[in-house]
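*Asks:* Before I ask anything, let me first share the structure, which is written out below as structure tokens.
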Amino acid sequence: MVSPDERTSNDAESRDLEEGGIKKRHQKTTDDEIPKKPGRPFPGFRKNFYEYFAEYSNNTGIHGFKYMGDQQMTIFERLWWLILFSISLYICINLIIQTYIKWDTSPVLVSFARSPTPVWQVPFPAVTVCSETKAKQTQYNFTHFYHQMIGGNNSMTEEEKRKFADLALMCDNHLYNKGNATTDYDTINFLMGIAPQFDEMLWQCKYTLLNGSCYDFFTPILTEEGLCYTFNMLDRTELLKNNVFLPGDYMNHGRKSEGWNLEDGYPASASISTYPRRAMSAGFTSGFLLLLRAYEQDLDYICKGPVQGFKIHLHNPAETPRVGMQYFRAPLNQEVVVAVKPDMMTTSDGLRDYDPHRRQCFFPKERRLAYFQSYTQQNCEVECLTNYTRNKCGCVAFHMPHEEGTEICGVGSIVCMFEAQNELLQREVQSGLKREKSPEENPASDCDCLPGCTSLVYNAETSQADFMWEKLFQAYKANMSEFPGVQITRINIFFKEQQFITSERNELYGQTDFLANCGGILGLFTGFSFLSIVEVIYFLTLKLMCNVKKYGRHYWSGSPQLVNNDMYVHKK
């Protein structure tokens, strides 16, 4: 049995043990309730970034960021919005890149002018007339000497052979190409001397139905067709540079342009009767009428073939004519009516800062020519062909612009000149094909003759009918014996309409348009704007600096949850 003293002692120990357990449990509960301090005295970069990003996303106007930074949302929801935003951003970047590529590769948009242009603001077309007769049979019988040369007739003198070779320069290439590779200026004098002369070819001229002497209108000129006559073209001093040597008095009429140029047109102070001449209006009464004649006894059917009459070429006054490439025919004893419609292209000043090959044209001051004062695509092509022919053959054709002392190609160089022209054309085509395949490389061509940024072309609509001049003369009881073998052609040239529509090169996208397109794409898909950029810059610079100065570098996020957290060390 347990004694009372032992029971009392055991009860006391039990109470002590129970009180100790209660005290320990109470101590443990108190320790759990007291917040523990973190292992570091300041919040780290991750916590600051998390809080700072949450503040940015809650304030920015960019769509989707609000949900990505919302701390109340689950990871799955945030990830969902991040994926959607990334897809929208990818679409935006792709569309902007496509817009930039379009702007970079084709920055020029050709459109019509807002208002029509009256015909009196542009010059009347320059008219170059060439006869198909290269040598008058009454002065030099090419057919007779051709049969002698082909038949191997040794009775021809050296002088006759030389003249035949000289005239072969004007005839079809296949007729005769044997002889000296070069010739001299005596050949030019001979060819021009046997060609139809001014008084024989140009009979009557009228401008705006007013009779005038053809000497007041036409000037002799050398072309690939030989001796031709041109109307309303610039004087040689304004068309060619001083280094160009031109024998004789060709292209010289002494009348100045009075301030006209292709880019700016007529000056405001120009009078109605300025030069180059301009039409007062459209229609027959404001046009140019020309009577041409040839003589049956002078016609030759071997040199240039069976087609007789005249070649007419319309061009702007500031470029040299290439009659052999672009012309319409005026047959003998026919009336040809020519309705002209100008085709003018201008370029806005907004494209001046673009590279010429991007806008596909040259302004006059961007491309200087060695022989011509005014840049046009045709002048550039003539100069390029001249240089290529000189490099390949060692000489140039008699009608090409050249400096004094340059060799003139003779009949022995006909094949070389023909090959030079074909080779140059092939090289230009090959260069164009390379540019299409690799536009980023932009391989340069031999000529690089882009169109002028201001160009003027005259499109002609022609119609013709029999010109029964003999019946008319008989009706007036004229003495027909005074016109032996005469063949007469009448030509009427006039503007078709009172106004015409000018084409303009403009920017496809200016800087403002490009920014507007990019901003529209970004706003549509992401809600991005200029102020969104300001927000990003503000949160990356000014706000950061202000937070560091105000709360210290350890609390650069400025988050109240970190600044007011007593677990971290703060400034006193």
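The values are calculated or read from the model by the stated rules, or taken from the named source; none is laboratory data. Values in this document were obtained by computation on a predicted structure and should not be read as measured data. Quick reminder, even Gly has a Cβ in these numbers, built from the backbone with ideal geometry, and neighbours come from all protein chains shown. Surface areas here come from the heavy atoms of the whole protein model, side chains and all, with no ligands, DNA or RNA. Shrake-Rupley method; radii C 1.70, N 1.55, O 1.52, S 1.80 Å.
*Asks:* Could you list all residues from the stretch 72-114 that are of a type in the set (S, T, N, Q) and either in contact (Cβ under 8 Å) with a residue 40 or more places away in the chain or open to solvent by less than 70 Å² (accessible area, probe 1.4 Å) (or both)?
*Replies:* 86, 88, 94, 99, 105, 106, 111
*Asks:* If you don't mind, another one. Just checking: which of the helices (runs of 4 or more DSSP H) contained wholly in the stretch 458-572 hold 3 or more residues that are within 30 Å of residue 43 (Cα to Cα)?
*Replies:* Hits in the stretch 458-572: 530-540, 542-551, 560-563.
*Asks:* Evaluate the stretch 473-483: report whether one residue or more is buried (at least 16 other Cβ atoms within 10 Å of the Cβ) and either within 29 Å of residue 85 (Cα to Cα) or modelled with pLDDT of 90 or more (or both). It would help to see each step written out before you state the result.
*Replies:* So in the stretch 473-483, the residues buried (at least 16 other Cβ atoms within 10 Å of the Cβ) come out as 473.
From what is left, the residues that are either within 29 Å of residue 85 (Cα to Cα) or modelled with pLDDT of 90 or more (or both) are none.
Within the stretch 473-483, not a single residue is buried (at least 16 other Cβ atoms within 10 Å of the Cβ) and either within 29 Å of residue 85 (Cα to Cα) or modelled with pLDDT of 90 or more (or both).
*Asks:* Checking the structure you have, find out if any residue of the stretch 247-259 is outside any loop (DSSP other than H, G, I, E, B), within 22 Å of residue 135 (Cβ to Cβ) and not aliphatic (A, V, I, L, M).
*Replies:* no
*Asks:* Let me ask you something else. Taking the stretch 295-327, which residues are small (Gly, Ala, Ser), open to solvent by 30 Å² or more (accessible area, probe 1.4 Å) and in a strand (DSSP E or B)?
*Replies:* Here is the first cut: in the stretch 295-327, the ones small (Gly, Ala, Ser) are 305, 309, 318, 324.
Retained after the next criterion (residues that are open to solvent by 30 Å² or more (accessible area, probe 1.4 Å)): 324.
Within the stretch 295-327, no residue meets the criteria.
One line per residue, one yes/no per condition, for (1) in a loop (DSSP other than H, G, I, E, B); (2) surrounded by fewer than 19 Cβ atoms within 10 Å (Cβ to Cβ); (3) out of contact with any His (no Cβ under 7 Å at 6 or more places or on another chain):
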site	(1), (2), (3)
329	no, yes, yes
340	no, no, yes
344	no, no, yes
350	no, yes, yes
370	yes, yes, yes
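*Asks:* Could you list, in sequence order, the residues of the stretch 492-524 that are under 22 Å from the mean Cα position of the chain (by Cα) and at pLDDT 90 or above?
*Replies:* 500, 501, 502, 503, 504, 505
*Asks:* Being farther than 30 Å from residue 56 by Cβ and among the hydroxyl-bearing types (Ser, Thr, Tyr) is true for just one of 481, 529. Which residue is that? Show your work before the answer.
*Replies:* Working: 529 fails: farther than 30 Å from residue 56 by Cβ.
Within the list 481, 529, the selection yields 481.
*Asks:* Take residue 120 and decide whether it is aromatic (Phe, Trp, Tyr), open to solvent by 80 Å² or more (accessible area, probe 1.4 Å), part of a helix (DSSP H, G or I) and more than 18 Å from residue 308 (Cβ to Cβ). Give the derivation first.
*Replies:* Working: aromatic (Phe, Trp, Tyr): yes; open to solvent by 80 Å² or more (accessible area, probe 1.4 Å): yes; part of a helix (DSSP H, G or I): yes; more than 18 Å from residue 308 (Cβ to Cβ): yes.
Criteria met by residue 120.
*Asks:* Then there is this: Starting from residues that are touching a strand residue (DSSP E or B) at 6+ places or on another chain (Cβ under 7 Å), polar (S, T, N, Q) and outside any loop (DSSP other than H, G, I, E, B), keep the ones in the stretch 374-412 and report whichever is farthest from residue 452 (Cα to Cα).
*Replies:* If we take residues in the stretch 374-412 being touching a strand residue (DSSP E or B) at 6+ places or on another chain (Cβ under 7 Å), polar (S, T, N, Q) and outside any loop (DSSP other than H, G, I, E, B), then 389 is farthest from residue 452 (Cα to Cα).
*Asks:* Answer yes or no: is there a residue in the stretch 179-187 that is farther than 24 Å from residue 229 by Cβ and touching a Cys at 6+ places or on another chain (Cβ under 6 Å).
*Replies:* Yes, there is a match, as at least one residue in the stretch 179-187 is farther than 24 Å from residue 229 by Cβ and touching a Cys at 6+ places or on another chain (Cβ under 6 Å).
*Asks:* Scanning the stretch 219-237 for residues that are surrounded by 22 or more Cβ atoms within 10 Å (Cβ to Cβ), within 13 Å of residue 169 (Cα to Cα) and not hydrophobic (A, V, I, L, M, F, W, C), which turns out nearest to the chain's Cα centre (by Cα)?
*Replies:* Only one residue tops the list, namely 225.
*Asks:* Does residue 422 qualify as being in a helix (DSSP H, G or I), open to solvent by less than 80 Å² (accessible area, probe 1.4 Å) and out of contact with any strand residue (DSSP E or B) (no Cβ under 6 Å at 6 or more places or on another chain)?
*Replies:* Details: in a helix (DSSP H, G or I): yes; open to solvent by less than 80 Å² (accessible area, probe 1.4 Å): yes; out of contact with any strand residue (DSSP E or B) (no Cβ under 6 Å at 6 or more places or on another chain): yes.
When the stated conditions are applied, residue 422 passes them.
*Asks:* Of the residues 187, 285, 274, only one is polar (S, T, N, Q), open to solvent by less than 20 Å² (accessible area, probe 1.4 Å) and not in a loop (DSSP other than H, G, I, E, B); which?
*Replies:* On the way: 285 fails: open to solvent by less than 20 Å² (accessible area, probe 1.4 Å); 274 fails: not in a loop (DSSP other than H, G, I, E, B).
Unique residue meeting the criteria: 187.
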